[in-house]
Amino acid sequence: MPNLIWLADVLRKDGLAVQEDPGWQSRGHGEMADIRGVLLHHTGGPAQGNYPSLHIVRDGDASLAGPRAHLGLARDGSWIVIAAGMAWHAGKGGPWANVPKDDANPYMIGIEAESVGTRPDWTPQQLDSYPRGVAALLRHANLPAEKAIGHKEWAPGRKPDPAFWPGDMDGFRASVRGILEGAPVPPSGPGPGGGGADFSTWGKQVRVHKEAQLASEVVNTLNVPTPVHVDFQRRGDLVNADGFSNPWWAHVPALGGFLSNIYIDTPQAFLPNVPEG
C-alpha cells in the first residue's frame, strides 16, 4: 500500500482541526502494508505546552529514530500529521487479531496523544477529539471500532498507554463505536446542563466515585493537587472533611466520576459557572 497521504483529508472531513508538519507526506521507514487497525498511545511528555512532544515523536533520538507515530493529538484537540510512511511505534507485542507478533508497524496507524501518562490530565478537547479522529480513520479503512487498541493491549505488562482514559479502552471503543454507528457519544466535556469550568483539587487520597455517593465504586484516587475540568455538579451524600460539610459533588469526565466539592480548591460550596446536572 502506498504511503498514507490521505490522513489529513480524512480527519478534516470529519470536522477536526489538523496541522500538517512539513514533509510528512514523504516521511517514514518505508511504506505501509494493508491497514489492520489503529494503535493508541500517550506521549509521556511534559505537563506544559500544547504538543511539546513533537520533536521526539517526529525525529526520535539515539535510542529509536523517528517517526515514532503517524499522528499526534495536541491538548487543544488538534491533530498533527507527522508521517505517511511506516512509523516505529508498536515495538514487541502481539500477536493480535490478524496482526503478527512483534510486527505491527506495517499494519497499524500509530497515534501519540499528548499526556504525562502518570495522572489523569486528558483535556476536554482531547476527550472529544481522540475517539472522533480514530473513528474517522477506521471508517476510511473500513474497519470496526474493535480494531482500535491501546499500546498496553498490544504489549501488556510492557506498556501502560493510553493511561487514565475514562472507561479505559472499552470505554474508548464504545465512544468510537457510537460515532461509527451515528449514535450520540456519551458526554466527555459539558455535562447535562452544558458548560463547566476549570479548577484544581487539593488534599491527598481524594477519592473519585462512580456516583455522587460515598458507597459507590472508587474509580480514581488523587494524591496531589490536580487540574480538573468540572462539567456539572450534583447533590449527593453529605461529606464531612477537615471541618467542612458539603452535599455537592463535582463530575470530572477525565476522571470518570465524581469527587466531593470539598476537595475543589474554591471557597464556594456550590461551584461557580458549573451547571447542576
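For this structure, a couple of remarks:
- Residues of region 116-163 satisfying the condition of being farther than 30 Å from Ser200 by Cα, out of contact with any Leu (no Cβ under 9 Å at 6 or more places or on another chain) and part of a loop (DSSP other than H, G, I, E, B): Asn142, Ala155, Pro156, Gly157, Arg158
- If you go through region 38-59 and pick out every residue that is open to solvent by 10 Å² or more (accessible area, probe 1.4 Å) and either closer than 19 Å to Asp103 by Cβ or in contact (Cβ under 8 Å) with a residue 12 or more places away in the chain (or both), you end up with 13.
- When the criteria are applied in full, Asn246 fails the requirement of being part of a strand (DSSP E or B), closer than 16 Å to Asp121 by Cα and touching a helix residue (DSSP H, G or I) at 6+ places or on another chain (Cβ under 7 Å).
- When residues of region 212-229 are limited to those that are in contact with a Phe, Trp or Tyr (Cβ under 7 Å, 6 or more places away or on another chain) and in a loop (DSSP other than H, G, I, E, B), the one least open to solvent (accessible area, probe 1.4 Å): Ala212
- Consider region 142-155 and keep the residues that are open to solvent by 30 Å² or more (accessible area, probe 1.4 Å) and in contact (Cβ under 8 Å) with a residue 60 or more places away in the chain. The one that is nearest to Leu11 (Cα to Cα) is Leu143.
- Of everything listed in (1) crowded, with 16+ Cβ neighbours inside 10 Å; (2) within 30 Å of Gln48 (Cβ to Cβ); (3) touching a Leu at 6+ places or on another chain (Cβ under 9 Å), the single unmet condition for Val239 is (2).
- Reported count of residues in region 156-167, each being surrounded by fewer than 16 Cβ atoms within 10 Å (Cβ to Cβ) and over 23 Å from Pro100 (Cβ atoms), is 1.
- Of all residues in region 107-138, those being open to solvent by 40 Å² or more (accessible area, probe 1.4 Å), over 9 Å from the mean Cα position of the chain (by Cα) and under 16 Å from Ala174 (Cβ atoms) number 1.
The values are calculated or read from the model by the stated rules, or taken from the named source; none is laboratory data. Note that the structure is a prediction, hence the values are computed from the model and not measured. Because the Cβ atoms are built from the backbone with ideal geometry, glycine has one as well, and the counts that use them run over all protein chains shown. Note: areas computed on protein heavy atoms with side chains; ligands, DNA, RNA excluded. Shrake-Rupley method; radii C 1.70, N 1.55, O 1.52, S 1.80 Å.
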